[in-house]
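Chemist: Sharing a structure below in structure tokens format, with a few things to ask.
The values are calculated or read from the model by the stated rules, or taken from the named source; none is laboratory data. Remember, it's a predicted structure, so these values are computed and weren't measured experimentally. No Cβ is skipped: glycine too gets one built from the backbone with ideal geometry, and neighbour counts run over all protein chains shown. The accessibility values were calculated without ligands, DNA or RNA, using every heavy atom of the protein model including side chains. Shrake-Rupley method; radii C 1.70, N 1.55, O 1.52, S 1.80 Å.
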Amino acid sequence: MSMNTRKRLCLLILFLFPCLLLFFSMPQAGGAEQPVVYTVNVDDTVTAGTARHIRRGLQLAENTRADALVILLATPGGLVSATLDIIQDMSASDIPVITYVNPQGAIAASAGTFILLNGHIAAMSPGTTCGAAMPVIMPAPGEASRAADQKTINFLAGHMKSIASERGRPADLAEKFVTENLSLNNGEALEKGVVNLNAADLSELLEKVHGLTVSTNAGSRIIKTSGASVTVIPMNVNEQLSHLISNPTLAMILLMLGIYGLIIGFYSPGFFLPEIMGSISLIMGLAGMGLF
């Protein structure tokens, strides 16, 4: 081998070596990043605090370009106003929203059923139940609850049908959740097409929904959740406070305490404690009922 040939070979090696290092250090097309999934727990009465919590979760998931948001449901129901706010925020989401009744043995009744049906993907754990969504009037302390007026029932039944139809679920059956207080267990809900699948836990759920295509507010999107990194979004202080005072039972108690406090104050002039405490309780009660 001549001297010139050796020089050319050395130059070629010196040129190719950095290129090879650069090639192997670059991200490969087949090596996708780990999916990111956020979860929000609804394990109590659905209140204004719950609505704020879910709204923040959706905003965080969208801002960080997460692959999905999972709403874990274990609730007996809650406020109509808060439920409608949640449904509106879910419908406007650009990312896939998965609603999941969990853990095993939990229920998603009343408001929980509305939220369950509005998920892009709806799922239930074994031994769970959904339904019984007829609206009731908030009772005063010591009184029994009673069904709302027919106008309210008809409106919410129609809204439930609209939600189910939009998500490709049986609208007529969804209407019966409101008009007839229909309840279904996880097996019945899957058989009738109310939910998309059953999963024993969150890990199984994320594996089962991987690769499914859903229609979000931003268009069609393929769900990528296999092996995802899961981050729980807890309630912040403001949401916890709002959740506390907007609990229907506590809001009614505060309202009654406020009224009685003002009455006592009017009959006991010069002693300002009843008026002050009554006014504070009345304002908190009205705020909790969504009137402020």
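Chemist: Just to be sure, is Leu197 within 19 Å of the chain's Cα centre (by Cα), modelled with pLDDT of 95 or more and not polar (S, T, N, Q)?
Modeler: Judged against the criteria, Leu197 is a match.
Chemist: Just checking, does region 101-108 include any residue being without any contact (Cβ under 8 Å) to a residue 12 or more places away in the chain and either farther than 22 Å from Val37 by Cα or part of a helix (DSSP H, G or I) (or both)?
Modeler: Checked against the condition, which is being without any contact (Cβ under 8 Å) to a residue 12 or more places away in the chain and either farther than 22 Å from Val37 by Cα or part of a helix (DSSP H, G or I) (or both), region 101-108 yields no hits at all.
Chemist: Moving on. Picking from Leu84, Leu58, Leu116, which residue would you name as being touching an Asp or Glu at 6+ places or on another chain (Cβ under 6 Å) and either surrounded by fewer than 19 Cβ atoms within 10 Å (Cβ to Cβ) or in a helix (DSSP H, G or I) (or both)?
Modeler: Leu58
Chemist: On the basis of being touching a strand residue (DSSP E or B) at 6+ places or on another chain (Cβ under 8 Å), among the basic types (Lys, Arg) and surrounded by fewer than 17 Cβ atoms within 10 Å (Cβ to Cβ), does Arg169 make the cut?
Modeler: So Arg169 fails the test.
Chemist: Under 6 Å by Cβ, and 6 or more places apart or on different chains, what pairs join a residue from region 45-67 that is without any contact (Cβ under 8 Å) to a residue 40 or more places away in the chain and basic (Lys, Arg) with one that is in a helix (DSSP H, G or I) and open to solvent by 10 Å² or more (accessible area, probe 1.4 Å)?
Modeler: As it stands, the answer is Arg55/Asp89, since those pairs meet every condition given.
Chemist: Note down all Cβ pairs under 8 Å where the first residue falls in region 160-180 and is within 20 Å of Asp85 (Cα to Cα), the second is assigned to a loop (DSSP other than H, G, I, E, B) and of a type in the set (Gly, Ala, Ser), and they're at least six residues apart or on different chains.
Modeler: Going by the 8 Å Cβ cut-off, the qualifying pairs are Met160/Ala133; Arg167/Gly119; Phe177/Ala132; Phe177/Ala133; Val178/Ala133.
Chemist: Give the number of residues within region 246-260 that are surrounded by 20 or more Cβ atoms within 10 Å (Cβ to Cβ) and farther than 17 Å from Asp43 by Cβ.
Modeler: Residues flagged as surrounded by 20 or more Cβ atoms within 10 Å (Cβ to Cβ) and farther than 17 Å from Asp43 by Cβ within region 246-260 amount to 4.
Chemist: Would you check if Ser229 is closer than 21 Å to Ile54 by Cβ, open to solvent by 70 Å² or more (accessible area, probe 1.4 Å), touching a residue at least 12 places away in the same chain (Cβ under 8 Å) and touching a strand residue (DSSP E or B) at 6+ places or on another chain (Cβ under 9 Å)?
Modeler: No, not satisfied.
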